[in-house]
1. Run the reach check for residue 183 against lysines, Cα to Cα strictly under 18 Å, same-chain hits fewer than 8 apart removed. What comes back?
2. Once the Cα gyration tensor of the chain is found, what semi-axes does its equivalent ellipsoid get, as square roots of 5 times the eigenvalues, in whole Å, sorted largest first?
3. What whole-number distance in Å separates the alpha-carbon centres of the range 25-87 and the range 191-217?
4. I need the peptides 285-298, 12-25 ranked by packing, meaning the mean over residues of other C-beta atoms within 10 angstrom, with the highest value on top.
5. Using a 1.4 angstrom probe, figure out how much accessible area the range 26-182 has per residue, in square angstrom, rounded to the nearest whole.
6. Quick one: helix 115-132 against the long Cα principal axis of the chain, what's the angle to the nearest 10°, folded into 0 to 90?
7. Obtain the nm distance between the two label points defined at residue 170 and residue 128 by a simple spin-label model: each point lies 7 Å from its Cα along the Cα-to-C-beta direction.
8. Would you list, by chain and number, the lysines whose Cα falls below 23 Å from the Cα of residue 299, excluding same-chain residues fewer than 8 positions away?
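The values are calculated or read from the model by the stated rules, or taken from the named source; none is laboratory data. Since this is a predicted model, take the numbers as computed values, not measurements. Glycine also receives a Cβ, built like all others from the backbone with ideal geometry; neighbour counts cover every protein chain displayed. We work out accessible area using only protein heavy atoms, side chains counted, and drop any ligands, DNA or RNA first. Shrake-Rupley method; radii C 1.70, N 1.55, O 1.52, S 1.80 Å.
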Amino acid sequence: MRITPWQLFCMFTTLEISMSIWLTVSPSIEIARQDAWISLAVAGVIGLFVTLILTRVSQRHASLTLVEFAQKLLGKWIGKLIAGLYIAVWFSVSADILRIFSLFIKQFLFHDTPVWVIAMLMVAAMVYINFAGGIEAIARFSELAGPSLLLGIMITFALNISNLHPDLLLPIYADSGAIPILKGSLVNASFLGESMMIMMLTPFIANSRKMLKPALLAICIPSMIAVVTAIMVIMTFGTNIGSTLIFPYFSMVRFINYLEFIQNMDVWIMCIWIFSVFVKLSIYLFINSYGTAQLLGVKNWRIMIGFVAAVIFAISLVPANVIGILDFAKFVWIIYIFPIFIVGLPIILLLVSLIRGQSPPAREQQNS
């Protein structure tokens, strides 16, 4: 299984956009009000720094996954503990995303369909693409989903121009200040931190020495889109309404109406969004299955796909409603996972690698 730097860019762009503009805009508006777009710009800078650290530590061990190089750097048992904690985090995130997706589809498309049915259909698709081709098949699909999602978002931005009220953005900075803007940035910055999965994907990249640029670009583009989304949501709904919308971008798309002719754009966008969420969840299923297999010493990682998919499906049915799931991001992801697993541990791994002088050996460079 091999993926190109271009496919890495498509995958990361797709997975970063798929949830960030849906779920991070409203919390940022709630905290930073009309300066939420500044918060999202700051989040982009933080995301670039984090991704740089994650990419550097991965490049130094280009032929090894996180499960392998954590043991190499920290010893067998501590390394396994760290890898196990990362896998547990990825399990919880996968289940959280699956539940949000299922509730969203139920709310807007299939009102009478049980949530578990929608979740099961998505899980079945995830299992199929992983069995059929693994990360290579997911990468190929993302080449279709990523550009389609970007094109769809650009079109909706253009069609929403007539609904904008620029005065709703004023005053800039005066009503918020540095602290609220910084607090508002943490939501999206933590979502951009999902680039940590690069520590599991580096061995599958055809030329890992060239992956830094596409990885950083895959953070820049979603960050810019999030900034524009926040600006448009504020100029469309204002801060009072914008901060209360669970899915502000989708609400904005439903607001588009040209001469009673161009409307119902939400259906089209939702179809593209489903593809992007499928890419995101499929990648999580791959790294969970592959990482679990390595952790348990199972040589054929595909054996773990069914087990991992069943666990993710079961956990996704636990939360009671969408508000409960969003609390996961607010009280668990941002407070614990982001500073520890996305920022802290990668920096420690990089420092240990530098101190021990473990640069990529010739074999790793050749395999990359």
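1. In chain and number order, the partners are 330.
2. Each semi-axis is √(5λ); the values are 34, 24, 19 Å.
3. If you average the Cα positions of each part, the centres end up 11 Å apart.
4. 12-25, 285-298
5. Solvent-accessible surface per residue comes out at 42 Å².
6. 40
7. Going by the 7 Å Cα→Cβ label model, 5.4 nm.
8. Qualifying lysines at Cα under 23 Å: 72, 76, 80.
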